[in-house]
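The values are calculated or read from the model by the stated rules, or taken from the named source; none is laboratory data. All values reported here derive from a predicted model rather than from experimental measurement. Cβ atoms come from the backbone with ideal geometry, glycine included; neighbour counts cover every protein chain shown.
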Amino acid sequence: MGKKKRKPAVGNLDKKKIMSWAKDVLDVEKRGISDLIERLDGGFLKAVKLMAASSGRVVITGMGKAGIIGQKFSATLSSTGTSSFWLHPAEAVHGDLGSVKVDDVAVVLSYSGETDEIKNLIPFIKKIGAKIIAITSNIDSSLAKYSDAVVCVKVDREACALGLAPTTSTTAMLAICDAISVVLQKIKGFKEKDFAFFHPRGSLGRKLLLKVGDIMRRGKFNPIVEENLPVKEVILRITSAHAGAAVVVDKKGEMAGIFTDGDLRRNLEKHPHLLSKKIKTVMTKNPIAVRVDSLASEALNILEKKKIDEVPVIDKFNRPKGMLDIQDLISAGLI
């Protein structure tokens, strides 16, 4: 058995040297991306046009580190308006190739352009009839020769201490894939609301899609009382509902006011016989309200601007439908 490697004494590591190494890596990778700007040419333009004009999907494939970049590329495309899926090159020649159609565009990531799994796959994609886009450093490679468009991602050196592990090259490949994704997004006019639709559980999706009616408290948790009820009865209903307020309605069933914990405290000193008074005499009339079909983010803005904790929810006929408070917005992930 070989000798056991000694672990470096972490406490003795030179902090300045560590920071210097890290800065060197970032500097090399920064130059690698900067060089891509100078290399943007007709190949990039043709690749974008092929993907934009396709009536099919964008199939992404690649082996090893390039394959990992490809998976991220496919995910970015899908979330920004370009239908895409990831295809493992080795699995493709064992049946998965059946998912590729003639109207698709296959984007093949291979830094060398000579990876065996890629070279074995390309002739079959050509036979299907799908267009092929190569993202490679070698414009004279086997991959490039078979492709309809070639995007060059050549870098001068890897950031790896040995100059061997894919580092700068994968950063450059990822950056060019992001550039393609964003350009396609702009071409297709993909907007915030579209992004939110594909990310309904993300923070942006919640802000742009979540409606007040989706999260408001209703039913037994939303006490609605008639204007002639005594304050005592209203307090009992609020307590039973574990709520902080009750909406008061008139004879037509339309909202006439609201009675909150704050109204109770303010009126206790003014009215010795408060509990027997009719709720309409002590309620807050014409309270701020939000429509049931309003965005929850708009309701949040109202609560913050007016410095209130809850707001009644009404329909277009001014009939109460629910109650919304800060806790509901917190539970929905808007805060």
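Just a few scattered comments:
- Filtered residue count, region 34-58, keeping only those that are under 28 Å from the mean Cα position of the chain (by Cα), part of a helix (DSSP H, G or I) and surrounded by fewer than 17 Cβ atoms within 10 Å (Cβ to Cβ): 6
- For region 213-235, taking the residues that are in a loop (DSSP other than H, G, I, E, B) and not charged (D, E, K, R), the one that is surrounded by the most Cβ atoms within 10 Å (Cβ to Cβ) is identified as Pro223.
- Tally, over region 69-104, of residues that are closer than 26 Å to Phe190 by Cβ, surrounded by fewer than 16 Cβ atoms within 10 Å (Cβ to Cβ) and among the aliphatic types (A, V, I, L, M): 2
- Condition check for Asn138: assigned to a helix (DSSP H, G or I) and farther than 22 Å from Gln185 by Cα: no
- Where His94 falls short, out of the listed (1) in a helix (DSSP H, G or I); (2) at pLDDT below 95: (1)
- Among the residues making up region 85-104, a single one is in contact with a strand residue (DSSP E or B) (Cβ under 9 Å, 6 or more places away or on another chain), farther than 11 Å from Thr61 by Cα and among the aliphatic types (A, V, I, L, M): Val100.
- Condition met for Thr82 (in contact (Cβ under 8 Å) with a residue 12 or more places away in the chain, farther than 21 Å from Pro166 by Cα and not in a loop (DSSP other than H, G, I, E, B)): no
- Counting only helices (runs of 4 or more DSSP H) that fall entirely inside region 236-335 and contain at least 1 residues that are aromatic (Phe, Trp, Tyr), no element qualifies.
- The set of residues in region 101-146 being among the polar types (S, T, N, Q) and more than 19 Å from Phe85 (Cα to Cα) consists of Ser112, Thr115, Asn120, Thr136, Ser137, Asn138, Ser141, Ser142.
- Residue selection: Val182 fails the criterion of being surrounded by 23 or more Cβ atoms within 10 Å (Cβ to Cβ) and touching a Ser or Thr at 6+ places or on another chain (Cβ under 9 Å).
- Of all the criteria given as (1) of a type outside the set (Lys, Arg); (2) surrounded by fewer than 16 Cβ atoms within 10 Å (Cβ to Cβ); (3) at pLDDT 95 or above, the one not satisfied by Asn120 is (3).
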